[in-house]
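What follows is a single structure, written as structure tokens, with notes after it.
The values are calculated or read from the model by the stated rules, or taken from the named source; none is laboratory data. What you see is a predicted model, and the numbers here were worked out from it, not measured in a lab. In this analysis, Cβ positions are derived from the backbone assuming ideal geometry, glycine residues included, and neighbour counts consider all displayed protein chains. Note: accessible area is taken over every heavy atom of the protein model, side chains too, but ligands, DNA and RNA are not part of it. Shrake-Rupley method; radii C 1.70, N 1.55, O 1.52, S 1.80 Å.
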Amino acid sequence: MKRPIKAALVFGATSAIATAYCRILASRGAVLHLVGRDHDALQNLAGDLDLRGATKVSVAVADLCDTEQHKKLVTEGWESLGEPDLALLAHATLGSQSEGETDWKQQRTLIQTNLISPLSLLTLLANRFEQQHSGCLAAISSVAGDRGRPSNYIYGATKAGLSCYLGGLQHRLAATGVRVLDLRLGPVDTPMTAGLSKGLLWSTPERVAHAMDGKLARHHGTVYLPAYWRPIMGVVRVLPDILVQRLGI
Ligand SMILES: NC(=O)c1ccc[n+]([C@@H]2O[C@H](COP(=O)([O-])OP(=O)(O)OC[C@H]3O[C@@H](n4cnc5c(N)ncnc54)[C@H](OP(=O)(O)O)[C@@H]3O)[C@@H](O)[C@H]2O)c1
């Protein structure tokens, strides 16, 4: 059964995709608690969501790589929302594959932002939702994690780790009434991908947010967005190694 999301805790709320999704929730009068590291961008977003019809918007400013802050941030989220219907993790960084190949520090930043930070938050959030016996715990992963490819295996490795963790969490919480979603996105035109050339398979934040909305209310498990990425990645996963190397994908 489809259950409306009335109270949502969003980490990395100023991301283009999270912003587009928060706007959908705001237009339905949801209560939102937004976490991000850019104070001004968060305040602007809160004002925007207010105008679009949100019942209440609160914000918390934090660098989400600082895992020492996570317990406080999660507690504040529950204090602000009561019992949230949803916690969404959207923060990440793409980095540069070519620079990362010779720069361990850059790889480490990617691992801290895209993997260590989400896993720390998921640990706390899973336990809160488990005690609550309801809610949806979702994180934005990527099709890049489905197969190690020369074009993006550093970013892809962080998302593969995240997806694996979400898969395990989903099974752990299956009997508790808590839904866990691995939102596995294909490429989307956002600030993260500003430097990349776009093609036919690219999507927009609004289109992906609309598709996310349908899934977050009632689904669990792995969801490919847009849906055409499921069959595409089914093929990519079984491509012979020699073809992956020749195509340089
Ligand atoms: N765009 C794509 O093609 C694509 C494809 C698959 C999956 N995804 C995933 O979708 C999610 C949203 O990305 P997007 O495309 O919407 O990109 P985006 O607009 O660039 O958003 C990335 C967000 O992450 C935040 N962030 C990064 N490091 C942070 C930190 N240490 N602490 C707090 N916030 C931090 C950024 O904050 P600042 O603005 O302050 O830097 C920004 O709000 C990410 O998980 C991304 O991996 C994107």
Peptides ranked, highest mean first, by Cβ atoms within 10 Å: ranges 6-13, 123-130 = 6-13, 123-130
inquiry  = 5 Å is the cut-off here: which amide hydrogens, built 1.01 Å from N in the peptide plane, fall below it relative to ALA7, excluding neighbours closer than 5 in sequence?
reply    = VAL31, ASP85, LEU86
query = Which net charge results for the neighbourhood of THR75, defined as the other residues with beta-carbon distances under 14 angstrom from its beta-carbon, given Lys and Arg at +1 and Asp and Glu at -1?
reply = -1
query = With labels modelled as points extended 7 Å from the Cα through the Cβ direction, what inter-label distance (nm, one decimal) is found for ARG237 paired with GLU206?
reply = 3.3 nm
key: Computed magnitude of the charge dipole of the chain (debye, nearest 20; Cβ of K, R +1, Cβ of D, E -1)   = 840 debye
ask   = Around ALA227, with a cut-off of 13 angstrom between Cβ atoms, what is the net charge of the other residues, counting Lys and Arg +1 and Asp and Glu -1?
value = +4
remark   = In order over the range 154-166: 3J(HN,Hα) from phi, Karplus 6.51/-1.76/1.60, θ = phi - 60°, whole Hz, x for each Gly or Pro, gives 6, 4, x, 5, 5, 6, 4, x, 4, 4, 4, 4, 4
inquiry  = In whole percent, and with a 1.4 Å probe on the protein chains, what portion of the accessible area of the range 7-247 is carbon and sulfur?
reply    = 54 percent
Average projection area in nm² (convex hull over Cα atoms of the range 115-226, one quarter of hull surface) = 7.2 nm²
query = Once you put a point 7 Å from the Cα of HIS219 and another 7 Å from the Cα of THR123, both along the Cβ direction, what distance in nm separates them?
reply = 2.9 nm
task = Taking every Cα atom in the chain, find the radius of gyration and the maximum pairwise distance Dmax, and write them in Å.
result = 17.5, 54
remark   = Summing +1 per Lys or Arg and -1 per Asp or Glu among the other residues with Cβ less than 13 Å from LEU166's Cβ gives +3
inquiry  = Using each residue's phi in the range 120-137, evaluate 6.51 cos²θ - 1.76 cosθ + 1.60 at θ = phi - 60° and report the 3J(HN,Hα) Karplus result to the nearest Hz, with x for Gly and Pro.
reply    = 4, 5, 4, 4, 5, 5, 4, 5, 5, 5, 4, 5, 7, 6, 6, x, 10, 10
